[in-house]
């Protein structure tokens, strides 16, 4: 039986977990569904797993630990009181039918890595933040609201659905003291009659994120990374900008020219490291005054943007300000501890400086890896966010709270400057930053990587575009190493999808034909367009058939 037929004709839905269907008080025909109170609750308490005792399924206790659940008209709020203990996690368990055979759609902690798809569930699979389930006749969504106080993930077992709220601080249990932590606000959804899984998923993202912060106009432009890979210079940036600006002639919404990593000097112990610097304020010898460079870009006809890595520390800084070395972070690179107010002030000063330099957009990178020592795919593979046995300076806040506080600091310091998060925690970045890089790097060296990271990312995270943030599926690496026939399709897909378009155009690879296509794609990307819908996303991880601005179009990624 073909996979499409399997998906459409089989499966037992998780809809039995809903407490009730609630008609909105406003008289709207929209129906909200809330998940039942859990059947069991467990916790990692002082480094051991314990089972909590339930009281009316709304309050669960073990010694000092109290987990409370409160039902609103649209969600189930989970609060934790754990004085005098180290609390690593709390897990809620719901009993489900043992023979469920529906398919699910996964998400990621931060970026995706070419590994999102509709597929059969597995007991060992970690499902960060939310998942969608399709039973053959209806679609259901289970998730938590954005901006939450813990790292939340779901698991689907043979007889149970579980939601784990990771409350660690660093790699140790958090010490909450007497305060109450709102660990998660659980939300669910089920499809309306005639609604497709794509439409239901889009609607669910609105349930998870109350308020989005979007750019005033669509964002598009150029980025030097995929033909320089950090070996850039002021001269090259200006040449790239001058070469590309004619392709935006006549467009009122002007493109951005993003200066990527490489504009600052590497540290003394690794001077050729283009992605690390003792300070995110000093310029490399290939650059002069960054404020003047921003003005030069603006005079050419583009809007200046800049890349930064805000958690870089200096070997000259006190070790007390740095995170401890752990597996994955054992590169002798001093990483600022984001739980220390002094470090947050330094991060704040960077973004205030970029404002004074008059950059209109700032892309910040590496913060998840720098803090936790793992990439998102490693977190899922290891089934652990970070190595155990370490902590930040402030042990009273969870990792989610500390990271969210850092994001809010960046937002405040940036003011009206657009922010692109890269390697950011998706559910914590949502609603704060105008743009988010939603997938791992595409490539200026190999088409296979762009297909894996770019096409998969755009297909499965475009559902969040315009609701969490503007979803940036990453650049078109237009170089002599990547076949133009493939890059042309990738460029056209992104331009027509309604999501941000960035092009890294090597001069040797940008001839008359390429310039004509870029000009048309810039024109499309400069306008508000409906989000592209992958029509065959339930059958393949790399959809070839898309609905773009009301038209069905086909692509050849092979």
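Where a number appears in this text, it was derived from the coordinates with a stated rule and is not lab data. Keep in mind that what you see is a predicted model, and the values were worked out from it rather than measured. Virtual Cβ from ideal backbone geometry, glycine too; neighbours counted across all protein chains shown.
Structure notes:
- Taking 319, 363, 282 and counting other C-beta atoms within 10 Å, the order from fewest to most: 319, 282, 363
- Taking only the Cα atoms of the range 391-437, the ratio Rg/Rh comes out at 1.00, with Rh defined as the Kirkwood radius.
- For the range 365-466, a/c is not less than 1.5, where a ≥ b ≥ c are the root eigenvalues of the C-alpha gyration tensor, and a/b does not top b/c. That puts it in the oblate class.
- Exposure proxy for 281, 164: other Cβ atoms within 10 Å of each Cβ, ordered fewest to most, give 281, 164.
- Taking only the C-alpha atoms of the range 3-208, Rg followed by Dmax gives 17.2, 54 Å.
- For the range 168-310, the spread of Cα coordinates along the three principal axes comes to 54, 47, 24 Å, biggest extent given first.
- Whether the range 263-357 is rounded, prolate or oblate, judged on the alpha carbon gyration tensor where a/c under 1.5 counts as rounded: prolate
- Estimated 222 nm signal from helices in the chain, with DSSP H stretches of n ≥ 4 weighted -39500 (n - 2.57), rounded to 500: -6500 deg cm²/dmol
- Take the Cα radius of gyration of the range 422-558 and divide it by 2.2 N^0.38 Å, N being the number of residues; the result is 0.99.
- Against the chain, whose longest principal axis comes from its Cα atoms, helix 197-208 is set at around 80 degrees.
- Once the Cα atoms are used to define both axes, helix 234-244 deviates from the longest principal axis of the chain by about 90 degrees.
- Relative exposure of 152, 475, 122, judged by other C-beta atoms within 10 Å (fewest first): 122, 152, 475
- Above 27 Å, the calculated P(r) of the range 220-529 contains 41 percent of its Cα-Cα pairs.
- Orientation-averaged projected area, Cα convex hull of the range 224-307 (nm²): 5.3
- Against the chain, whose longest principal axis is taken from its Cα atoms, helix 341-356 shows a tilt of about 40°.
- Here the range 454-530 yields Rg over Rh of 0.98, to two decimals, using C-alpha coordinates and the Kirkwood radius.
- Taken over the chain, the convex hull of the Cα atoms encloses 148 Å³ per residue.
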